[in-house]
Amino acid sequence: MSDPNEPTGPEGSADQPAPTPPPPSEPPPPPSSDLPPPPPPGDTYGGAAGGDGGGYGAPPPASPDGQPAAGGQPAAGGQEAPYNPTEALGYGWRKFSASPGTLLIPMIVVWVGIVVTVIIVDFLIIQTLLGTHDCTKTFNGISVSGQCSPSFFVQLIGAGLAIGIITVVSQILVAGLYKGAANIADGKSVSLGQMFDDWDKAQVVIAAVLIAAATAIGTILCYIPGVIVGFLTMYTMLFVVDKKLSAVDAIKASFELVTKNFGNTFVFWLLAAIVLFIGALLCGIGLLVAAPVALIGLAYTYRRLQGEPVAP
């Protein structure tokens, strides 16, 4: 007789064996090595917020000197300080004192050429046209012999001719130094051959003649207009030897640069004139230092006022 408490049915039968568990499934295959690895956190296309901006939409990194790499924007450490005329002369002194021979040797050649020109002009114009001469004047019927000077108008003409000749020779001789100063401001190596290479000598001569003619005419018109011409055209040779502009375009570019930045260019011009005057007081020998410092400062000003970088 069966036990009423014994389970019955197909699942509860005591004689039925326990079900066998299914065999374990095989592990999934490893990912294919041909698939790209997942991007690191924060490195998304365009740069995730708070990341380093290294995605495809991020700007290229800046170079160590603060300049942008391949089409990027200037780095935060680039040229941000406003232009300062005093710093321009300080920059000229630092660069010159770091390597005095770079511009000193060619400056000596230029200085000798200018001195020879001044001596010739002094002999041909100042001593003849502007020099005193023996003359006799009569006062109340009494003749008095003495030395007479030419009239003021003749003196203006002589001064204009003298300054015109000295200016044209000086501008031609100094053109190579302008090129060297621009290279120094760019951080490039400078040699005597490089100063006189890669610029149009004919345009330099034309620019020198035009500046000299305008300066001579301005001098004849009571000196002050001649000084103004020199001030407005002081960047002309840099535009010729550096930008390779024609003589007329370079004069226009210099005029525009000066007038658009009148305050800064005037203060620098005034400070540079003081430096050159002090150099001239030291028997002229001081100009061998003062002139290169002023030229490098001029190139620094030329670069900065156009928004161009300069070498540290």
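Classify the range 155-312 as rounded, prolate or oblate from the Cα gyration tensor: take a ≥ b ≥ c as the square roots of its eigenvalues, call it rounded if a/c is under 1.5, otherwise prolate when a/b beats b/c and oblate if not. Walk me through the numbers on the way to the answer.
Values: a/c = 1.42, a/b = 1.31, b/c = 1.09.
Rounded.
Rolling a 1.4 Å probe over the protein heavy atoms gives the range 135-215 an accessible area of 50 Å² per residue.
Rounded to a whole number, what % of the accessible area of the range 153-260 do carbon and sulfur atoms account for, probe 1.4 Å? Show your work: numbers first, answer last.
On the way: 3370 of 4680 Å².
Summing carbon and sulfur atoms, their accessible area is 72 percent of the total for the range 153-260.
In a fully extended conformation the segment linking D122 and V154 would gain 10.0 nm over its present Cα-Cα distance, using 0.36 nm per residue. Net charge in the neighbourhood of F196 (other residues with Cβ under 14 Å of its Cβ; Lys, Arg +1, Asp, Glu -1) is -2. Looking at the range 268-307, the accessible area is 41 square angstrom per residue; that uses a 1.4 Å probe and ignores ligands, DNA and RNA. Beyond 22 Å between alpha-carbons counts as too far, so tell me which of K179/K201; K188/K260; K95/K201; K95/K244; K188/K252; K201/K252 fall in that bin. Violating the 22 Å limit, Cα to Cα: K188/K260; K95/K201; K95/K244; K188/K252. The solvent-accessible area of S149, taken with every protein chain present and a 1.4 Å probe, is close to 70 Å². If R0 equals 41 Å, the separation of the Cβ atoms of T86 and V109 corresponds to a calculated FRET efficiency of about 0.85.
So for each of 258-268, 235-245 I average, over its residues, the number of other beta carbons within 10 Å; can you give me the resulting order with the highest mean first? Don't jump to the answer; show the numbers that get you there.
Details: 258-268: 15.4, 235-245: 23.5.
For the peptides 258-268, 235-245, the packing ranking is 235-245, 258-268.
The values are calculated or read from the model by the stated rules, or taken from the named source; none is laboratory data. Please read these numbers as outputs of a predicted model, since none were measured by experiment. A quick note on method: Cβ atoms are made from the backbone with ideal geometry, for glycine too, and the neighbour counts reach across all protein chains shown. Heavy atoms of the whole protein, side chains included, go into the accessibility calculation; ligands, DNA and RNA do not. Shrake-Rupley method; radii C 1.70, N 1.55, O 1.52, S 1.80 Å.
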